[in-house]
Amino acid sequence: MTRIDFHSHILPNIDDGAASVAESLGLLRMLKNDGVETVVATPHLYLHRESVSAFFKNRERSARELNQAIKTEETKGVEYPKIVLGAEVYFTQGIENLPLKDLCIEGTDYFMLELPYASFTTMFLNLLANFIFSGNVKIILAHIERYFDFSESKMVAQVLNHGLVSQVNCDSVISVRTRKAALKLIESGDIKLLGTDLHSVGHRPPRFAEAEQIIRKKLSDGAFENMMNTAERILNGEE
Ligand SMILES: [Fe+2]
């Protein structure tokens, strides 16, 4: 089993995540200490702020700077998790016109979607369904549990019915306020992926090992392994 963090803002100077290469390296070391071997870098893409071409250019620059620093560190014997490039794309009008395949997680046809933090209306659910069914990509819904704060469970359940793959944040497994709901969705199989959604050491630092411990303690044997195995199959193009 490989520990895979499926959601992170690890790339430096691209969004509200790591603010420098040094910070990225520090966060990567924290992940490594937690046993994480692969981390999916999912910088935000907000179409109302940035064009897709600008995003790609930025991501390429950011990943290059980080990889150079990692290479230097590795010559000193420090080990880092492997980084896989992706994006967390905010759902906005016109999303269907994006180069969806190019925005998928490297080597896969999985596209990570962030939904608006507002109550889901029937009109919104129809728009979302149209997008999901019209595209030639598979959708990963970022931190599904966060939408329960804004929408009734039955509305969120409707989203899950569209056959999406859902991801949960480590923080939601750890927090006493959200733990019960998060664990229930993992147990039922509605949530298949785990991610730190790390931003910085001060704001949402990685707490992967803590979440792993809780899942292992509270859920049936194999629940954690199932999530990691699904993540691995997705990254290997086998799911
Ligand atoms: Fe995120």
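Out of all the residues in the stretch 139-171, which are farther than 18 Å from Ile105 by Cα, within 15 Å of the ligand (Cβ to nearest atom) and among the small types (Gly, Ala, Ser)?
Hits for the stretch 139-171: nothing passes.
What about Ala41, is it open to solvent by 40 Å² or more (accessible area, probe 1.4 Å) and within 16 Å of the ligand (Cβ to nearest atom)?
It is false that Ala41 is open to solvent by 40 Å² or more (accessible area, probe 1.4 Å) and within 16 Å of the ligand (Cβ to nearest atom).
Tell me the residue from Arg233, Arg207 that is touching a Leu at 6+ places or on another chain (Cβ under 9 Å), modelled with pLDDT of 95 or more, open to solvent by 20 Å² or more (accessible area, probe 1.4 Å) and closer than 23 Å to Ala87 by Cα, please.
Arg207
Is one or more of the residues making up the stretch 51-64 within 13 Å of Leu85 (Cα to Cα), among the aliphatic types (A, V, I, L, M) and surrounded by 15 or more Cβ atoms within 10 Å (Cβ to Cβ)?
The answer is yes, given that some residue of the stretch 51-64 is within 13 Å of Leu85 (Cα to Cα), among the aliphatic types (A, V, I, L, M) and surrounded by 15 or more Cβ atoms within 10 Å (Cβ to Cβ).
Being open to solvent by less than 80 Å² (accessible area, probe 1.4 Å) and touching a Cys at 6+ places or on another chain (Cβ under 8 Å) is true for just one of Tyr110, Tyr90, Tyr80. Which residue is that?
Result: Tyr110 is the single residue among Tyr110, Tyr90, Tyr80 that is open to solvent by less than 80 Å² (accessible area, probe 1.4 Å) and touching a Cys at 6+ places or on another chain (Cβ under 8 Å).
Say whether the condition of being in a helix (DSSP H, G or I), touching a Gly at 6+ places or on another chain (Cβ under 8 Å) and of a type in the set (A, V, I, L, M) is met by at least one residue in the stretch 195-205.
No, there is no match, as no residue in the stretch 195-205 is in a helix (DSSP H, G or I), touching a Gly at 6+ places or on another chain (Cβ under 8 Å) and of a type in the set (A, V, I, L, M).
Can you tell me which condition Val173 does not meet? The list is (1) open to solvent by less than 10 Å² (accessible area, probe 1.4 Å); (2) modelled with pLDDT under 95; (3) in a helix (DSSP H, G or I), and all the others hold.
Of the numbered conditions (1) open to solvent by less than 10 Å² (accessible area, probe 1.4 Å); (2) modelled with pLDDT under 95; (3) in a helix (DSSP H, G or I), the odd one out for Val173 is (2).
Looking for whichever is in contact with a helix residue (DSSP H, G or I) (Cβ under 9 Å, 6 or more places away or on another chain), under 19 Å from Ser166 (Cβ atoms) and outside any helix (DSSP H, G or I) here; the options are Glu239, Glu212. Which one fits?
Going through Glu239, Glu212 in turn, the sole match is Glu239.
Would you confirm whether any residue within the stretch 139-151 is charged (D, E, K, R), outside any helix (DSSP H, G or I) and on the phi < 0 side of the Ramachandran plot?
no
Name the single residue that is farthest from the ligand (Cβ to nearest atom) among those in the stretch 188-204 being open to solvent by 50 Å² or more (accessible area, probe 1.4 Å) and within 18 Å of Asn161 (Cβ to Cβ).
Ser188
Quick one: Arg233 ticks every box in (1) over 27 Å from Ala18 (Cα atoms); (2) under 17 Å from the mean Cα position of the chain (by Cα); (3) touching a residue at least 24 places away in the same chain (Cβ under 8 Å) except a single one, so which number is it?
Arg233 satisfies all of (1) over 27 Å from Ala18 (Cα atoms); (2) under 17 Å from the mean Cα position of the chain (by Cα); (3) touching a residue at least 24 places away in the same chain (Cβ under 8 Å) except (3).
Any chance you could count how many residues in the stretch 13-38 are in contact (Cβ under 8 Å) with a residue 40 or more places away in the chain, more than 14 Å from the ligand (Cβ to nearest atom) and assigned to a loop (DSSP other than H, G, I, E, B)?
Selection size over the stretch 13-38: 6.
The values are calculated or read from the model by the stated rules, or taken from the named source; none is laboratory data. Quick caveat: nothing in here was measured; it's all calculated off a predicted structure. Ideal geometry is used to build each Cβ from the backbone, glycine not excepted, and the neighbour counts take in all protein chains shown. We work out accessible area using only protein heavy atoms, side chains counted, and drop any ligands, DNA or RNA first. Shrake-Rupley method; radii C 1.70, N 1.55, O 1.52, S 1.80 Å.
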